[in-house]
Amino acid sequence: MNAQKELLRVEHIRKYFAIHRKYGNPKGNYLRAVHDVSFTINEGEVLGLVGESGCGKATLGRTILKLHSVTAGDIYFKGENIVNYGFKKMLPIRRDMQMIFQDPFASLNPRMTIEKIIRAPLDTFKIGEPRYRRDHVAEMLKKVGLNADHMNKFPHEMSGGQRQRVVIARAMISNPSFVVCDEPVSALDVSVRAQVLNLMKDMQQELGTAYLFVSHDLSTVRYICNRIAVMYLGHIVEIADADELFNNPKHPYTKALLSAIPVPDVDQKRQRIILQGDVPSPMNPPAGCAFSTRCPLAGSKCEQLHPDLVACGAPGHYVACFWPE
Amino acid sequence: MNKKSNGSSGFFKRFRRHRLACIGLFVVMLEVILVVFLPMIMDLDPYSITAVFNGPPSAEHILGTDTVGRDLLSRLIYGGRISLLVGILATAISVAVGLPLGLIAGYYRGAAETVIMRCADIFMSFPSMIIVLVMVAIFGNSLPILILLIGILGWPQPARLVYSRALSVRKMEYVEAAKVGGSNELTIILRYVLPNSVAPLWMNVAFQISSAILTESSLSFLGAGVQLPTSTWGNIIYQAQNVVVLYSYPWIWVPAAICLIITVVSINFVGEGIRDALDPRMKR
């Protein structure tokens, strides 16, 4: 990374979903999807966000884009706190923060042609003169590996990989400096995954965009990310540079995750760490460390106190554990 | 592969491919033309009473005469004017009221959903006949009021259909994509939620037109609708309530019943055609 200029800073962000809000929620039940998460993303950096299903990683990405209301915390984008921005104030910022969605079969309006879909951000953000917008769309299609012939097609006439290219084109056409990628390749066939991933990497390097790359696939994340944050039950438990995290994991949960990556070598004996039990319910999380119910190292301190992220080892390596190794 | 299938040209292309819908549209147009222009060409008199009661079809009265000796062809044509008007206008009002309310309830949920959908339930469970009878008693008995009443009382059906679709469409990622893309709520509702939620409505429209026509005739029967001697298809068919008419004088009610059925079936096909033509995924 060259400039190291901070682009996005998230501070103590929380997103709770009320359950039965409709009937006044008498019991006050909440689902804690994201609980007290802080991190920063520099310009042109790719931060991976990994964790198992339901750990709140997708919710975190959507909350930063304000697709969900924020329960508490601050989001600084280019130095501005956007948490309380309404629709009008968000508009110029939306141009600069976009999203690539998971399911290319659900993220394109089936009633719109590809041209209209990609052009929509140009029209809402009033980018360029209207008569040049069509050319702009054609140019963008070429960049993502499609061509101008695709403009008059409808999404159903394209394959999953092609659709995901359209999704990328739509996200990139306003030239954003930050893009949330919500499992962008997990819905694709394995054969086209690498192509789309390479496309995203090329775009990122060419345009200097920063990504928040949400995924459950560690190999994908390692391939594309500079830094990786590991999430568990709404918390970030460890964050470090990609190589550092893979070579020198500190948190017992990270270790268990890394040990589950398949190795393409029959002779190599892997030491798999099998975690016992299930992830606790985010409606009733443990009092102390979120991981204490399944952690092989957990003691009584872990059950009572919640560990904060603290620097540990290499610079930029933070871990939320009382017993980091 | 169709080369250019965007915009309205794609709509007409797909509609033309739906043969039954084209026939249906032709039949409905023909009916409207006949009902509007035939009285200008032919000498039709739906009111004057002739000497022949319950007369079977003859050279003088092509479709025969009714129980009090009025020419049935004239009554069928003039009745069609009222019935088609009531059916189409009342349904248009139902959709105009129900469609936006259903969209709002399904897209915004929360308080709007509770208020709108519970109102729809109340409207559907309350006997609408009684409301109409009371309203007619207050505002008097005229065709515009009747159309308005039938139309407004029919809003829950389109509202519920659109609502149930909007519930699933609002959670689609393309709606989120529109939000991230800076689209305002109105754009999202009109360009993303509406086009993906209206499909089931087109089929319902046909049924609603026929039920509006029949509601009008049952109101006439109760004395609150269009009054005799003005004829409607409904009140012609209602004469078949008399068992003697039903069995012995089928020419009185059969043509009106056939007209009603043909209209409903045709509109049904047109509805199906519009639904398919609006969906770019349909190509065949």
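Each residue in the range A:128-148 was checked for being at pLDDT below 90 and either outside any helix (DSSP H, G or I) or within 14 Å of another protein chain (Cβ to nearest Cβ) (or both), and 4 pass.
Is one or more of the residues making up the range B:110-119 surrounded by fewer than 16 Cβ atoms within 10 Å (Cβ to Cβ), at pLDDT 90 or above and more than 14 Å from chain A (Cβ to nearest Cβ)? Checked the range B:110-119: at least one residue is surrounded by fewer than 16 Cβ atoms within 10 Å (Cβ to Cβ), at pLDDT 90 or above and more than 14 Å from chain A (Cβ to nearest Cβ). Do we have any residue at all in the range A:77-92 that's assigned to a strand (DSSP E or B), more than 12 Å from chain B (Cβ to nearest Cβ) and in contact (Cβ under 8 Å) with a residue 60 or more places away in the chain? Within the range A:77-92, one or more residues are assigned to a strand (DSSP E or B), more than 12 Å from chain B (Cβ to nearest Cβ) and in contact (Cβ under 8 Å) with a residue 60 or more places away in the chain.
Looking at B:V243, B:V180, B:V265, B:V226, can you tell me which residue is of a type in the set (A, V, I, L, M, F, W, C), without any contact (Cβ under 8 Å) to a residue 12 or more places away in the chain and over 30 Å from A:F105 (Cα atoms)?
Working: B:V180 fails: over 30 Å from A:F105 (Cα atoms); B:V265 fails: without any contact (Cβ under 8 Å) to a residue 12 or more places away in the chain; B:V226 fails: without any contact (Cβ under 8 Å) to a residue 12 or more places away in the chain.
Step by step, each of B:V243, B:V180, B:V265, B:V226 is checked, and only B:V243 is of a type in the set (A, V, I, L, M, F, W, C), without any contact (Cβ under 8 Å) to a residue 12 or more places away in the chain and over 30 Å from A:F105 (Cα atoms).
If you scan the range B:18-47, which residues turn out to be farther than 25 Å from B:P229 by Cβ and touching a Gly at 6+ places or on another chain (Cβ under 8 Å)? Result: B:H18, B:L20, B:A21, B:C22, B:G24, B:L25.
Looking at A:G44, A:G54, which is the one that is out of contact with any Gly (no Cβ under 6 Å at 6 or more places or on another chain) and either at pLDDT 90 or above or under 30 Å from B:T114 (Cβ atoms) (or both)?
Values: A:G44 fails: out of contact with any Gly (no Cβ under 6 Å at 6 or more places or on another chain).
Only one candidate qualifies: A:G54.
Starting from residues that are touching a residue at least 12 places away in the same chain (Cβ under 8 Å) and part of a loop (DSSP other than H, G, I, E, B), keep the ones in the range B:58-108 and report whichever is surrounded by the most Cβ atoms within 10 Å (Cβ to Cβ). It comes out as B:D66.
Restricting attention to the range A:187-198, which residues are surrounded by fewer than 20 Cβ atoms within 10 Å (Cβ to Cβ) and in contact with a helix residue (DSSP H, G or I) (Cβ under 8 Å, 6 or more places away or on another chain)? Lay out the reasoning, then the answer.
The initial filter retains those residues of the range A:187-198 that are surrounded by fewer than 20 Cβ atoms within 10 Å (Cβ to Cβ), namely A:187, A:189-195, A:197-198.
Selection gives A:A187, A:D189, A:V192, A:R193, A:Q195, A:L197.
Criterion applied to A:C289, A:C302 was being crowded, with 17+ Cβ neighbours inside 10 Å and in contact with an Asp or Glu (Cβ under 9 Å, 6 or more places away or on another chain), and the one residue passing it is A:C289. A:K66 meets all of the listed conditions (1) charged (D, E, K, R); (2) in a helix (DSSP H, G or I); (3) more than 10 Å from the chain's Cα centre (by Cα) but one, namely (2). Taken together, the criteria exclude A:Q102 from residues that are at the interface with chain B (Cβ under 8 Å from one of its Cβ atoms), in contact with a strand residue (DSSP E or B) (Cβ under 7 Å, 6 or more places away or on another chain) and within 21 Å of A:L141 (Cβ to Cβ). Is the range A:176-192 home to any residue that is without any contact (Cβ under 8 Å) to a residue 60 or more places away in the chain, touching an Asp or Glu at 6+ places or on another chain (Cβ under 9 Å) and either away from every other protein chain (no Cβ under 12 Å) or within 18 Å of A:F105 (Cβ to Cβ) (or both)? Yes, some residue in the range A:176-192 is without any contact (Cβ under 8 Å) to a residue 60 or more places away in the chain, touching an Asp or Glu at 6+ places or on another chain (Cβ under 9 Å) and either away from every other protein chain (no Cβ under 12 Å) or within 18 Å of A:F105 (Cβ to Cβ) (or both).
The residue that is farthest from A:L207 (Cα to Cα), counting only those in the range A:139-153 that are touching a residue at least 12 places away in the same chain (Cβ under 8 Å) and under 28 Å from the mean Cα position of the chain (by Cα), is A:L146.
Of everything listed in (1) part of a loop (DSSP other than H, G, I, E, B); (2) away from every other protein chain (no Cβ under 14 Å); (3) under 23 Å from A:C225 (Cβ atoms); (4) not β-branched (V, I, T), the single unmet condition for A:L47 is (1).
Take the residues in the range A:144-165 that are closer than 24 Å to A:G44 by Cβ and out of contact with any Gly (no Cβ under 8 Å at 6 or more places or on another chain), then tell me which one is surrounded by the most Cβ atoms within 10 Å (Cβ to Cβ). For the range A:144-165, the residue satisfying everything is A:Q164.
Taking the criterion of being touching a residue at least 40 places away in the same chain (Cβ under 8 Å) and within 16 Å of the chain's Cα centre (by Cα), the residues of the range B:246-262 that qualify are B:C259, B:L260, B:I262. Could you name every one of the helices (runs of 4 or more DSSP H) located completely within the range A:208-259 that has at least 2 residues being closer than 25 Å to A:M172 by Cα and touching a residue at least 60 places away in the same chain (Cβ under 8 Å)? So the answer is A:218-224.
Selection of the range B:196-229 for residues being within 14 Å of chain A (Cβ to nearest Cβ) and either buried (at least 20 other Cβ atoms within 10 Å of the Cβ) or at pLDDT 90 or above (or both) yields B:N196, B:S197, B:V198.
Do we have any residue at all in the range B:154-167 that's within 12 Å of another protein chain (Cβ to nearest Cβ), out of contact with any His (no Cβ under 8 Å at 6 or more places or on another chain) and more than 20 Å from B:A224 (Cα to Cα)?
The first filter runs over the range B:154-167 and keeps only residues within 12 Å of another protein chain (Cβ to nearest Cβ), leaving none.
No - not one qualifying residue is present in the range B:154-167.
Of the helices (runs of 4 or more DSSP H) lying entirely inside the range B:125-206, the ones with 3 or more residues being touching a strand residue (DSSP E or B) at 6+ places or on another chain (Cβ under 8 Å) are found at B:173-180. Here A:K116 fulfils each of the conditions (1) at the interface with chain B (Cβ under 9 Å from one of its Cβ atoms); (2) surrounded by fewer than 17 Cβ atoms within 10 Å (Cβ to Cβ); (3) more than 24 Å from the chain's Cα centre (by Cα) apart from (2). When each of A:S186, A:S174 is tested for being in contact with a Lys or Arg (Cβ under 9 Å, 6 or more places away or on another chain), modelled with pLDDT under 90 and in a loop (DSSP other than H, G, I, E, B), the lone residue that passes is A:S186.
The values are calculated or read from the model by the stated rules, or taken from the named source; none is laboratory data. What you see is a predicted model, and the numbers here were worked out from it, not measured in a lab. Cβ atoms come from the backbone with ideal geometry, glycine included; neighbour counts cover every protein chain shown.
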